[in-house]
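Participant: Have a look at this one before I ask anything.
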Amino acid sequence: MKRSGTATLPLHYGKVPPWLYERMAVLGLSIVEVMLADYGKNEVLRRLADPFWFQSFGAVMGMDWHSSGITTSVMGALKRSINPNSKELGIYICGGKGRLSKETPNELLVIADKTGLDGNELVRASKLSAKVDNTAIQDGYQLYLHNFILSDEGNWAVVQQGMNDADGTARRYHWHSENMESFVDEPHKGIQGINRGNILNLTAHEAQESRKGILEISHTNSEKIMQDFANLILPAHHDVRASDVDLKKLGTLLYMTRENQPENFEELLLLKGVGPRTLQSLALVSEVIHGSPSRFRDPARFSFAHGGKDGHPFPVPINVYDETINILQKGIEKSKLGNSDKLQSINKLHTIIAEAEKNFTPDFDINEVIEEERQNSWRFGGKTVFGDAEKPSKPKPIQLSLF
């Protein structure tokens, strides 16, 4: 296997409020259902095994775009919504954070009994992936989260995360069973974390002789390990800045959904009546579902769908969030009845905007866009962990003093 990327993940403490967690579960399930219908189970596993897509997925669901908390919250919300529907979907999620991770072997054996899969092999895969990242790779991170995602066809992915208290960062590790020949020779699909220089990595191909003889420990040069990575650096600052996003992609999205709407989308008849703000969110959700891997290099851009729970780049617009979910769910229900027009329209939304990017030159101030979102947040039912967004008060007139 070849690692697909790295990223710095600042540790982010706190809890996800119930009003967001419940919506994350519903939106996550809807996105997975569309991907299953259009691309199949293996593609869902491939996406979860891609660290860049995973971060973008969490951002579009309203989590803080840059933080380690995305991992715990997204996997928890998916497990909550997918597992009750696993028999129909053919996808199962095991494990979790802390003590929940220790339940993974038992959960896998239960699933194996239901599906006829080899439970012992699945348990072995789960334990080995954790052992490799916690022991064979000694990079200063102690695992505290382990999720094992599998299909009823026997393919699987692992998403697990370690913490480094010393520097306040986390590292997320991704595994995928596809084409994997060994657990101990370059097995990872991707690892996210800050480059810490030279590390002990007994899974590197260069350490093959060391594994065989167990006579020497090979400190593989980190630059050699990282040379095939596409580096995503997630900064510690909470606010979204111009340097954090692809302005051409974001600018095209904003122009097409705000300035050209609704005339430009008259052909999308099933989406008529959808306001510009919801169209903006739908376009980003559509990209998460249908976008190519190259479109997920700037996860911060996806926070412009539903904001973030801490108010960055703006409060979560609950009304828009619910409308997005409603449109997706209605499309899924009709698709199951043989009418996929609405889902095809959402797919076409992404296609139109991606095509428009080719000739678009960004000419806007991202801070003005964020400020506009914040000013209008109260209209869309904006919420953060600190409370509801308030209607901005009119500026007080200046009272000149006579003395």
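Participant: If Gly162 passes every condition in (1) part of a strand (DSSP E or B); (2) farther than 19 Å from Ala49 by Cα but one, which one does it miss?
Facilitator: Failed condition: (2).
Participant: Hey, among the residues in segment 65-99 that are open to solvent by less than 10 Å² (accessible area, probe 1.4 Å) and at pLDDT below 95, which one's nearest to Arg23 (Cα to Cα)?
Facilitator: Among those residues, the one meeting the criterion is Ile70.
Participant: Any idea how many residues of segment 106-133 are under 26 Å from the mean Cα position of the chain (by Cα) and either more than 16 Å from Val158 (Cα to Cα) or surrounded by 18 or more Cβ atoms within 10 Å (Cβ to Cβ) (or both)? Step through it out loud before you land on a result.
Facilitator: Step one: of segment 106-133, the residues under 26 Å from the mean Cα position of the chain (by Cα) are 107-108, 111, 122-123, 125-133.
With either more than 16 Å from Val158 (Cα to Cα) or surrounded by 18 or more Cβ atoms within 10 Å (Cβ to Cβ) (or both) added as a condition, the list becomes 107-108, 111, 122-123, 125-126, 129-130, 132-133.
Total satisfying the criteria: 11.
Participant: Checking Lys336 against (1) under 26 Å from Phe296 (Cβ atoms); (2) open to solvent by 70 Å² or more (accessible area, probe 1.4 Å), which single condition isn't satisfied?
Facilitator: (1)
Participant: Given the criterion at pLDDT below 90 and open to solvent by 80 Å² or more (accessible area, probe 1.4 Å), identify the matching residue among Lys348, Lys342.
Facilitator: On the way: Lys342 fails: open to solvent by 80 Å² or more (accessible area, probe 1.4 Å).
Criteria check complete, one pass: Lys348.
Participant: Which count do you get for residues in segment 57-75 that are over 16 Å from Thr169 (Cβ atoms) and without any contact (Cβ under 8 Å) to a residue 60 or more places away in the chain?
Facilitator: Number of matching residues: 2.
Participant: Okay, moving on. Just for segment 359-403: of the residues that are modelled with pLDDT of 90 or more, of a type in the set (Gly, Ala, Ser) and not in a strand (DSSP E or B), which one is nearest to Met256 (Cα to Cα)?
Facilitator: Taking the candidates together, the pick is Ser377.
The values are calculated or read from the model by the stated rules, or taken from the named source; none is laboratory data. The structure displayed is predicted, hence computed values, not measured ones. Cβ coordinates were reconstructed from backbone atoms using ideal geometry, including for glycine residues, and neighbour counts include every protein chain displayed. With ligands, DNA and RNA removed, areas are computed over all heavy atoms of the protein, side chains included. Shrake-Rupley method; radii C 1.70, N 1.55, O 1.52, S 1.80 Å.
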